[in-house]
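Peer 1: Here's a structure for you.
The values are calculated or read from the model by the stated rules, or taken from the named source; none is laboratory data. Keep in mind that this is a model prediction, so the values were computed, not measured. With ideal geometry, Cβ positions are generated from the backbone for all residues, glycine too; neighbour counts draw on all protein chains shown. Heads up: the accessible areas ignore ligands, DNA and RNA and are worked out on the full protein's heavy atoms, side chains in. Shrake-Rupley method; radii C 1.70, N 1.55, O 1.52, S 1.80 Å.
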Amino acid sequence: LAEKTGKILTEFLRFYEDQYGVALFNSMRHEIEGTGAPQAQLLWRKVPLDERIIFSGNLFQYQEDSKKWRNRFSLVPHNYGLVLYENKVAYERQVPPRAVINSAGYKILTSLDQYLELVGNSLPGTTSKSGTAPVLKCPTQFPLILWHPSARHYYFCMMTEAEQDKWQAVLQDCVRHCNNGIPEDSKVEGPAFTDAIRMYRQSKELYGTWEMLCGNELQILSNLVMEELGPELKAELAPRLKGKPQERQRQWIQISDTVYRMVYEQAKARLEAVLSKLQLARPAMEAVIRTDMDQIITSKEHLASKIRASILPKAEVCVRNHVQPYIPSILEALMVPTSQGFTEVRDVFFKEVTDMNLNVINEGGIDKLGEYMEKLSQLAYHPLKMQSCYEKMEPLRLDGLQQRFDVSSTSVFKQRAQILMREQMDNAVYTFETLLHQELGKGPTKEELCKSIQRILERVLKKYDYDSSTVRKRFFREALLQITIPFLLKKLAPTCKSELSRFQELIFEDFARFILVENTYEEVVLQTVMKDILQAVKEAAVQRKHNLYRDSVVMHNSDPNLHLLAEGLPIDWGEEYSGSSDSGGDPGSPGSPEAATLSEKRRRAKQVVSVVQDEEVGLPFEAVPEPLPPASADSITELRGLLARDLQAESPPLAGPLLNGAPAQESPQPGAAPEAASPPASPLRQLPPGKASDLEPPKPSDQETGEQVSGPGGRPPIHTTTEDGAGVQTEF
């Protein structure tokens, strides 16, 4: 295994070293030349929302060693690694977690039938006959399974369908975030790595999208090795597995996970060694690029012109016959769900701000504003409130086109669009926060504040519409290229690729690290189809399909001072505008006195920031907080009616009860009884100032993890370990 893995890694790392020089040159050229991209109207957070617990609560986990289900206290910190503790007391006492799961590459399954089908397909000939015991039994009807094609599987279950839906949304957010593991601000290492992956797979005649391009570099590289190693391993070992079908399936899952971890460790050592070598060589490479930038550009353009003259006629015929007729169909399939998702983002943002505005009027003005704004500031990272936006992408299909263009799965496009939705939601929220914070400096009355919030909302929505159009058009262009370019390269390979070697002599030896014939050839192919893609997106905008702005509509400096406001310190709504009634812990916590000290509040917040259900109960039913005492029904109804009439001309009608930035049962409307059986979604909370170091959550490992090993002193360091079939802990 080590020898085969080493051979694959050696071949890949040659591609990576080649692509590193090209990516470094492209990055430095981009810094000098820049781009003419439209300026965004919305602000973006320069300081991310860290030190926050996204979600927490109890769920049952299946322990493979004891073959029993155990109740675990689980939480999802801001880095989206699912952390599992023995129980809530262990978390409060800072006992190391039992597991920290990085969910990149996993699928969330909600039924045993789905899981058993995937397990059966992973090892042919082991499908269980009807009536035989399956590989796993679930004690409830609401399982939640994390499945990976190579790594360990995780089994959870809940007691209610509502709880299952909630955790599914949370875990899907974890997968979405962890899949996007290569930082977008990595301008050299990131592009070099993804291009090397693509070039390596194309050298093996594997074109098209790749579903396992997810996670960070080490996870993706491990997936790449397993893609090649897995079938060989399966063919060699599957006939030797003994026992009933479900036992052979269990053995294969353990073997695959063990091999995956071995591959991961070997890939880690090799990649780190190559990165160290490239970092040492980088200053000299940068010096050459700065000195000879013009000559390198001229040399590359000369090479491109020669390649273009050779392959352009063939490429244009291929585009005209095999790609051009299908671009409108692909674009329409992408546009419908994507635009619906971005429209839903706009509607959710509008509803949350309008609800907050009404509740500020009804419940005490600026004293409550800090509490509501703190919840609103985290809207984009609330899995449950964003779920309606993300769901709009699920119907995305490329019927009839998926096989033609060798698109293995549409999940890569769904998740990319969902990430863009979250970014745009957060930009809209942050822009609203910044403008409102400026307005509050004028000391408005309650009535003035209400009008200001509505005015700022309309202002932010206009900016959102423009930025949303820009982001969607860019997404459509990138998706079309991602679908059509691999198809074109595969079509042209038999006639064009053999001719490329003769162009190598056109590259000066001094520039050979920054100009590659293969990359230049792909750029020429891209240019042949790019004009058709740009034209298709432009026509869609001209027809005003899905609220896209025309390219000629450009908003320049509509708010010249707005970006200056974003240069200040992050706004701490809880500290600046919370009234004396604001509590630092979760509402309805048992045993919390009315006049608790600040340190006591912070201690409670430190223990559990966001609770789904009570740890003390034996079954994971969620506890419902005590309802807040309602305000005067007459005053609320009267003010709401006045405000609603004021907003009706410009805004769509509100749907559903006021949410007050939180679930409805946490702030019931006058005269409405709380729903006893409905579990409260846990809102995001901010950790107390000055306690970030005490509350730093464990970072998710590059892989899924198991039992932890304690270290000396304080909170023990997290070691990622697992148990093999014999029950022996293996650290990786």
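Peer 1: If the requirement is being part of a helix (DSSP H, G or I), among the aliphatic types (A, V, I, L, M), farther than 30 Å from Asp399 by Cα and in contact (Cβ under 8 Å) with a residue 60 or more places away in the chain, which of these qualifies: Leu278, Leu237, Leu331? First the steps, then the outcome.
Peer 2: Numbers: Leu237 fails: in contact (Cβ under 8 Å) with a residue 60 or more places away in the chain; Leu331 fails: farther than 30 Å from Asp399 by Cα.
Of Leu278, Leu237, Leu331, the one residue that is part of a helix (DSSP H, G or I), among the aliphatic types (A, V, I, L, M), farther than 30 Å from Asp399 by Cα and in contact (Cβ under 8 Å) with a residue 60 or more places away in the chain is Leu278.
Peer 1: Look at Ala169 and say whether it is more than 29 Å from Phe73 (Cα to Cα), among the small types (Gly, Ala, Ser) and in contact (Cβ under 8 Å) with a residue 40 or more places away in the chain.
Peer 2: no
Table: residues versus (1) at pLDDT 95 or above; (2) touching a Cys at 6+ places or on another chain (Cβ under 7 Å); (3) more than 30 Å from Glu458 (Cβ to Cβ); (4) of a type in the set (Val, Ile, Thr).
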position	(1), (2), (3), (4)
Met285	yes, no, yes, no
Ser305	yes, no, yes, no
Glu332	no, no, yes, no
Thr338	yes, no, no, yes
Asp347	yes, no, no, no
Phe350	yes, no, no, no
Gly370	no, no, no, no
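Peer 1: Among the residues of region 476-486, are any closer than 16 Å to Lys314 by Cβ, open to solvent by 70 Å² or more (accessible area, probe 1.4 Å), part of a helix (DSSP H, G or I) and not β-branched (Val, Ile, Thr)?
Peer 2: no
Peer 1: Taking Leu396 as the residue in question, decide whether it is open to solvent by less than 10 Å² (accessible area, probe 1.4 Å) and not in a helix (DSSP H, G or I).
Peer 2: Yes; evaluated as a whole, the condition is true for this residue.
Peer 1: Hey, any hits in region 101-120 for a residue that's touching a residue at least 40 places away in the same chain (Cβ under 8 Å) and more than 23 Å from the chain's Cα centre (by Cα)? Lay out the reasoning, then the answer.
Peer 2: First, the residues of region 101-120 that are touching a residue at least 40 places away in the same chain (Cβ under 8 Å): 101-108, 110, 119-120.
So of that shortlist, the ones also more than 23 Å from the chain's Cα centre (by Cα) come out as 119-120.
Yes.
Peer 1: Moving to a separate point now. Within region 269-280, can you find the residues that are closer than 14 Å to Ala23 by Cβ and open to solvent by 30 Å² or more (accessible area, probe 1.4 Å)?
Peer 2: Passing the criteria: Leu275, Gln279.
Peer 1: A follow-up question, please. I'm checking my understanding of the structure. Among residues of region 130-188 that are of a type in the set (Phe, Trp, Tyr) and closer than 15 Å to Leu82 by Cα, which one is surrounded by the most Cβ atoms within 10 Å (Cβ to Cβ)?
Peer 2: Applying the first criterion (of a type in the set (Phe, Trp, Tyr)) to region 130-188 yields 142, 147, 154-156, 167.
Checking which are closer than 15 Å to Leu82 by Cα leaves us with 147, 154-156, 167.
Values: Trp147: 19, Tyr154: 22, Tyr155: 21, Phe156: 22, Trp167: 26.
So the residue we want is Trp167.
Peer 1: Pairs, please: C-beta under 6 Å, at least 6 apart or cross-chain, first residue among the acidic types (Asp, Glu) and in region 426-448, second open to solvent by less than 30 Å² (accessible area, probe 1.4 Å) and in a helix (DSSP H, G or I)?
Peer 2: Asp426/Ala380; Glu439/Ser452
Peer 1: Let me ask something else. With respect to Ser56, determine if the residue is in contact with a His (Cβ under 9 Å, 6 or more places away or on another chain) and not charged (D, E, K, R).
Peer 2: It is false that Ser56 is in contact with a His (Cβ under 9 Å, 6 or more places away or on another chain) and not charged (D, E, K, R).
Peer 1: Can you find a residue that is within 22 Å of Phe413 (Cβ to Cβ), in a loop (DSSP other than H, G, I, E, B), open to solvent by 50 Å² or more (accessible area, probe 1.4 Å) and in contact (Cβ under 8 Å) with a residue 40 or more places away in the chain anywhere in region 189-209?
Peer 2: There is no residue in region 189-209 that is within 22 Å of Phe413 (Cβ to Cβ), in a loop (DSSP other than H, G, I, E, B), open to solvent by 50 Å² or more (accessible area, probe 1.4 Å) and in contact (Cβ under 8 Å) with a residue 40 or more places away in the chain.
Peer 1: So Met262 ticks every box in (1) open to solvent by less than 60 Å² (accessible area, probe 1.4 Å); (2) among the hydrophobic types (A, V, I, L, M, F, W, C); (3) under 21 Å from His153 (Cα atoms) but one. Which box is left unticked?
Peer 2: (1)
Peer 1: Somewhere in region 390-404, is a residue touching an Asp or Glu at 6+ places or on another chain (Cβ under 7 Å) and closer than 24 Å to Pro328 by Cβ?
Peer 2: Within region 390-404, one or more residues are touching an Asp or Glu at 6+ places or on another chain (Cβ under 7 Å) and closer than 24 Å to Pro328 by Cβ.
Peer 1: Condition first: among the charged types (D, E, K, R), in contact with a Leu (Cβ under 9 Å, 6 or more places away or on another chain) and in a loop (DSSP other than H, G, I, E, B). Can you find one or more residues in region 137-150 that meet it? Steps first, answer last, please.
Peer 2: Restricting attention to region 137-150, the residues satisfying the condition of being among the charged types (D, E, K, R) are 137.
Filter once more, keeping what is in contact with a Leu (Cβ under 9 Å, 6 or more places away or on another chain): 137.
Next cut, in a loop (DSSP other than H, G, I, E, B) only: 137.
Yes, that holds for at least one residue.
Peer 1: Same structure again: State whether the residues of region 249-257 include one that is of a type in the set (Lys, Arg), in contact with a Ser or Thr (Cβ under 8 Å, 6 or more places away or on another chain) and assigned to a helix (DSSP H, G or I). Can you show your working first?
Peer 2: Filtering region 249-257 for residues of a type in the set (Lys, Arg) gives 250.
From what's left, in contact with a Ser or Thr (Cβ under 8 Å, 6 or more places away or on another chain): none.
Scanning region 249-257, I find no residue that is of a type in the set (Lys, Arg), in contact with a Ser or Thr (Cβ under 8 Å, 6 or more places away or on another chain) and assigned to a helix (DSSP H, G or I), so the answer is no.
Peer 1: Looking at region 433-463 only, could you name the residues that are in a helix (DSSP H, G or I), open to solvent by 70 Å² or more (accessible area, probe 1.4 Å) and modelled with pLDDT under 90?
Peer 2: Gln438, Lys446, Glu447, Glu448
Peer 1: Would you check which residues across region 293-310 are of a type in the set (Ser, Thr, Tyr) and either open to solvent by 70 Å² or more (accessible area, probe 1.4 Å) or more than 12 Å from Phe25 (Cβ to Cβ) (or both) and list them?
Peer 2: If the condition is that a residue be of a type in the set (Ser, Thr, Tyr) and either open to solvent by 70 Å² or more (accessible area, probe 1.4 Å) or more than 12 Å from Phe25 (Cβ to Cβ) (or both), then Thr298, Ser305, Ser310 are the ones that fit.
Peer 1: Go through region 362-407 and report how many residues are over 17 Å from Gln172 (Cα atoms) and out of contact with any Phe, Trp or Tyr (no Cβ under 7 Å at 6 or more places or on another chain).
Peer 2: Matching residues across region 362-407 total 19.
Peer 1: Quick one: would you say Arg290 is basic (Lys, Arg), out of contact with any Ser or Thr (no Cβ under 6 Å at 6 or more places or on another chain) and exposed (fewer than 12 other Cβ atoms within 10 Å of the Cβ)?
Peer 2: yes
Peer 1: Right, next: Identify the residue in region 518-535 that is in contact with a Lys or Arg (Cβ under 9 Å, 6 or more places away or on another chain) and among the hydrophobic types (A, V, I, L, M, F, W, C) and, among all such residues, is nearest to Tyr200 (Cα to Cα).
Peer 2: That would be Val524.
Peer 1: Here is a further query. Name the residues in region 19-36 that are in contact (Cβ under 8 Å) with a residue 24 or more places away in the chain and either open to solvent by 80 Å² or more (accessible area, probe 1.4 Å) or small (Gly, Ala, Ser) (or both), would you?
Peer 2: Passing the criteria: Gly21, Ala23, Ser27, His30, Ile32.
Peer 1: Could you grab me the full set of residues in region 1-17 that are of a type in the set (D, E, K, R) and under 29 Å from the mean Cα position of the chain (by Cα)? Walk me through how you get there before you give the answer.
Peer 2: Residues of region 1-17 of a type in the set (D, E, K, R): 3-4, 7, 11, 14, 17.
Scanning region 1-17 gives a single hit, Glu17.
Peer 1: Filter region 401-432 for residues that are part of a helix (DSSP H, G or I) and β-branched (Val, Ile, Thr); which is farthest from Lys375 (Cα to Cα)? Walk me through how you get there before you give the answer.
Peer 2: Taking region 401-432 as the starting set, the residues that turn out to be part of a helix (DSSP H, G or I) are 401-404, 411-432.
Imposing the further condition that a residue be β-branched (Val, Ile, Thr) reduces the set to 412, 419, 429, 431.
Working: Val412: 30, Ile419: 20, Val429: 11, Thr431: 15 Å.
Among them, the one singled out is Val412.
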